[in-house]
Amino acid sequence: MEDTWRELLDEQAGVVSLAQAASHGCSESMIDSRVRRGVYQRLGRRTVATFAATPTLVARDVAALLANPSAYLSHFSAARVWALKAGDDGRTHIVVPITGRQGKGPRPRSTPSLRVHRSRRLDAKM
């Protein structure tokens, strides 16, 4: 189990959803304890960084996608992933279906570090 946990952290820039953490034996109280001690940090209501350093843009991108299962990286964030020369405002940009939330939880909203774009043409099953 330790190996799969390490592989998951490596694949996701050290960021996991609470559901993923629970499936690997980490309770929410265990995570909260590590957050209080400064070992972990919350990157949203449903995601946690398993490190104390400032999250990279990649870590923030992963957190946004884990918290919003119907989302895709878009705009500056997608250009950054594809190594395209484009302006960058330092925020994570995602696009979600305009029809509202997909799955559980509240509808995603833009914040200072996250820009949510909505599209009528986005097929949530892509």
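The values are calculated or read from the model by the stated rules, or taken from the named source; none is laboratory data. What you are looking at is a predicted structure, and each value in this text was computed from that prediction instead of being measured. Every residue, glycine as well, gets a Cβ built from its backbone with ideal geometry; the counts of neighbours run over all protein chains shown.
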Pick from region 5-36, criterion touching a His at 6+ places or on another chain (Cβ under 9 Å) and in a helix (DSSP H, G or I), ranking: nearest to residue 64 (Cα to Cα)
8
Considering only residues that are free of Cβ contacts under 8 Å to residues at least 24 places away in the same chain and crowded, with 19+ Cβ neighbours inside 10 Å, which ones fall in region 45-75?
73
Go over the candidates 46, 60, 115 one by one and state the one that is among the basic types (Lys, Arg), in the same structural domain as residue 32 (by TED's automatic domain parsing) and modelled with pLDDT of 85 or more.
46
Within region 1-28, the count of residues that are modelled with pLDDT under 95 and of a type in the set (Val, Ile, Thr) comes to 1
For region 93-109, enumerate the residues that are more than 10 Å from residue 74 (Cα to Cα) and either assigned to a strand (DSSP E or B) or modelled with pLDDT of 90 or more (or both).
97
Restricting the search to region 1-57, which residues are more than 26 Å from residue 91 (Cα to Cα) and aliphatic (A, V, I, L, M)?
1, 22, 30
Evaluate region 25-34: report whether one residue or more is exposed (fewer than 14 other Cβ atoms within 10 Å of the Cβ), in the same structural domain as residue 4 (by TED's automatic domain parsing) and among the aliphatic types (A, V, I, L, M).
yes
